[in-house]
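Input: a single structure, listed below in structure tokens.
Derivation of every value follows stated rules applied to the coordinates shown; laboratory data play no part. Predicted model only: the values in this text are computed from it and were never measured. For neighbour counting, all protein chains shown are included, and Cβ atoms are generated from backbone atoms with ideal geometry for every residue, glycine included.
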Amino acid sequence: MAERGQFITFEGGEGAGKTTQAKMLAEALENAGIETLLTREPGGTFGAESIRKLVLEGTQDRWTGMTELLLMYAARLDHVQKLIKPALDRGVWVISDRFSDSSTAYQGYARGLGADKVRAVHKVVMDGFEPDITILFDMDPIMAQKRVETRGELMSRFDTEDIAFHKKLRDAFLEIAKSEPDRVVTIDADETRSGVHTRILHAMTQKYPEFAGKLSRAAS
Ligand code: TYD
């Protein structure tokens, strides 16, 4: 049987460049000979992508915090059961652009539901399943807001929140990182694309020293 793959999550506020960096890491892992699957939340499977539409579209008051949380976890369970776990079991490494820390930060802290409620739901639904490593993209919320406004994409229900919301989010993610230093690596996202990528590769080689040689060759 193949050795189990590693589950890597990318987290942070809006506009921090996670998606681009997730692609770059997936490429670096592939170049290092590691089969990699890149996915995202909410979404990743057919069912979870349908829930994504429900949760991201519409007015800000479309859902209460708890309904939003349950929708996120319904999507997450489908994603984990149908895509993530089967891939890890085949030995594939999985990178998810957002995972459960986003629920803790957005619904738990920023929407004011309370981190304890999110943790309680997580425990019941996820049954001990956690990422092996989480890369947190930390960024000044004012910069983040500017990036979101200028990237020219359709704004989601979350992108239209005000600066206070983005500040709360940042504090929430930093709080999570502080409480789980073994899992979460915080990276300054207010840097060049290649600078951030280098920091991520560094974090990966610290965590997986056996791949250090291959990853640094893939980077050069
Ligand atoms: P997306 O466009 O993928 O945002 P980003 O590029 O910033 O990752 O939209 C996902 C949105 O969903 C984002 O605003 C964060 C939010 N979200 C939650 O509120 N809770 C969650 O559990 C997850 C996974 C995402």
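Between the helical axis of 115-126 and the dominant principal axis of the chain, each derived from Cα atoms, what acute angle in degrees is found, rounded to the nearest 10?
Compared with the principal axis, the helix lies near 60 degrees.
Treat each spin label as a single point 7 Å out from the Cα along the C-beta direction, and report the residue 206 to residue 82 distance in nm.
Result for the modelled spin labels: 3.7 nm.
How high is the relative contact order of the chain? Use alpha-carbon pairs under 8 Å, at least six apart in sequence, and give a whole percent.
Values: 338 pairs, mean separation 68.5, N = 220.
Rounded, it is 31 percent for the chain.
For a quick check, take a GNM of the chain with Cα springs below 10 Å and name the residue from 99, 129, 137 with the largest mean-square fluctuation.
Most flexible of the set in this elastic network: 129.
Which of 35, 57, 130 moves the most in a Gaussian network model of the chain with Cα springs under 10 Å?
The residue with the greatest mean-square fluctuation here is 57.
Let me know the volume per residue of the alpha-carbon convex hull for the chain, in Å³.
Values: hull volume 25.7 nm³, N = 220.
So the per-residue Cα hull volume is 117 Å³.
In nm, give the distance between the simple-model label positions of residue 149 and residue 27, each being 7 Å from the Cα along the Cα-to-Cβ direction.
About 3.0 nm separates the two model spin labels.
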